[in-house]
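Read the structure below first, then the notes.
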Amino acid sequence: MLSSFSAGSSVDVNVEDLIALCSVPGVSGREENVRNEISKLLRVENGQLKTDKIGNLLYEKFGTENHKEILIMAHMDEIGFYITSVREDGKLEVRNVGGIIEDAIQGSFVEIITRDGVLPGVIGAVPPHLKTDGVSFDKVIDVGARNKDEVLKLGIDVMDYAVFKKDYAILNNEYLSMRSLDDRFGCYTLVECSKELSNKSRVIFAWTVQEEVGLRGAKALASTYFPDVAIAIDSFACCSKQNKHIDLGKGPVIRALDNSSISDLELVRFVLSLAKENDIPVQIGTTGGGNDASVFVEKGVPMIALSVPVRYLHSQVEMISLSDLWNLIRLLRKFLEVY
């Protein structure tokens, strides 16, 4: 099933690499495992790879002319939980990291990432049989421990973190559904666009940290870089009242307007013309949320946010069209070849 999307098909996406990247746990502030996985996928050519002090992974790639500098960002972090305390009854109290859908928490499998490895756990639910007794939902992780001492013997402690256990499905031989597609599809896009690229301008590929809790990795980059263009590759939440015309399978999306920024009109027009010239389907729309490139607007840097539509964003079953992802990679590569 997966090989049908590998090199040689009309949709040249290595789904195994994408799934592997999505599978790596990494909440905001704990992206080190994701950074290591991306580093393994990269082929550093005509440039240098480094990690800055906050944890952003940077691949600075020289261009054929270097007359401009382009900064492209995708965030490595995902939503999840930090363990804030271990109760005497052996349950783990947690704090949300990022925009958790509270309605989707109950009855979930989770994985706790400790200093020594990964341990399973569950977030329970209140059965209908007990609701008449006034039993209310208790948002804690149950690891099967009877008391606090047993938790500590398992190697779990405060400030370890947890993510939803991840599974995936290929639906109708076209769509991939999996937790952490936001924004690991963006991370994958940057990896693929950096390979064997004949870029005209100097390009800084940046895999950023802590986007889900306030664009903090991007803000750190804004104190170091002053590019000619800033580009964010991030999710486009679809499909709702404000963007009913956007749908999976109709192409990548220019995220023209969200809660943090307005994409530069000239850049939008340039990308639209580039898509038309190369017969790449593209959509344009507005959504909520924010993006990493928005922090550069206050520095006077024009920005644009490029996306693929994501159904069920921030849930355990985020869904994208693999053809949309492939067309996004094509579009971004064309942009870097000519801009």
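Does SER9 meet the test of being among the small types (Gly, Ala, Ser) and at pLDDT 95 or above? The answer is no for SER9. The set of residues in the range 63-91 that are part of a strand (DSSP E or B) and closer than 25 Å to VAL158 by Cβ comprises GLU78, GLY80, PHE81, TYR82, ILE83, THR84, SER85, VAL86, LYS91.
For the range 194-206, a tally of residues being surrounded by fewer than 24 Cβ atoms within 10 Å (Cβ to Cβ), under 24 Å from LYS40 (Cβ atoms) and either under 17 Å from the mean Cα position of the chain (by Cα) or among the charged types (D, E, K, R) (or both) returns 2.
Among the residues making up the range 143-170, those that are among the charged types (D, E, K, R), assigned to a loop (DSSP other than H, G, I, E, B) and over 25 Å from ALA20 (Cβ atoms) are ARG146, ASP157. Which of the numbered conditions does LEU325 fail, given that it passes all the others? Conditions: (1) under 16 Å from the mean Cα position of the chain (by Cα); (2) more than 27 Å from VAL213 (Cα to Cα). Every condition holds for LEU325 apart from (2). The residues of the range 224-261 that are of a type in the set (Phe, Trp, Tyr) and in a loop (DSSP other than H, G, I, E, B), listed by number, are TYR225, PHE226. I'm checking my understanding of the structure. Among residues of the range 92-142 that are touching a Lys or Arg at 6+ places or on another chain (Cβ under 8 Å) and part of a loop (DSSP other than H, G, I, E, B), which one is least open to solvent (accessible area, probe 1.4 Å)? Among them, the one singled out is ILE105. Confirm whether VAL209 is in contact with a Leu (Cβ under 8 Å, 6 or more places away or on another chain) and open to solvent by less than 10 Å² (accessible area, probe 1.4 Å). Here the answer is no, as VAL209 does not meet what is asked.
Here THR84 passes the criteria (1) loosely packed, with under 14 Cβ neighbours inside 10 Å; (2) within 17 Å of the chain's Cα centre (by Cα) except the one numbered (2).
Among the conditions (1) surrounded by fewer than 24 Cβ atoms within 10 Å (Cβ to Cβ); (2) over 21 Å from VAL34 (Cα atoms), the only one that PHE236 does not satisfy is (1). Out of LEU221, LEU272, one residue alone is part of a helix (DSSP H, G or I) and open to solvent by less than 10 Å² (accessible area, probe 1.4 Å). It is LEU221.
Filtering LEU272, LEU306 for residues that are farther than 19 Å from MET73 by Cβ and hydrophobic (A, V, I, L, M, F, W, C) leaves a single hit, LEU272. Within the range 308-330, the set of residues being part of a helix (DSSP H, G or I) and in contact with a strand residue (DSSP E or B) (Cβ under 7 Å, 6 or more places away or on another chain) comprises LEU322, ASP324, LEU328.
Table: residues versus (1) under 30 Å from PRO252 (Cβ atoms); (2) surrounded by fewer than 19 Cβ atoms within 10 Å (Cβ to Cβ); (3) of a type in the set (S, T, N, Q); (4) touching a helix residue (DSSP H, G or I) at 6+ places or on another chain (Cβ under 7 Å).
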| site | (1), (2), (3), (4) |
| --- | --- |
| ALA145 | no, no, no, yes |
| ILE156 | no, no, no, no |
| ALA162 | no, no, no, no |
| MET178 | yes, no, no, yes |
| ASP183 | yes, no, no, no |
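The values are calculated or read from the model by the stated rules, or taken from the named source; none is laboratory data. Since the structure is predicted, the reported quantities are computational estimates derived from the model, not experimental observations. Note: ideal-geometry Cβ built from the backbone for every residue, glycine included; neighbour counts use all protein chains shown. Just the protein is used for accessible areas: all its heavy atoms, side chains included, with ligands, DNA and RNA removed. Shrake-Rupley method; radii C 1.70, N 1.55, O 1.52, S 1.80 Å.
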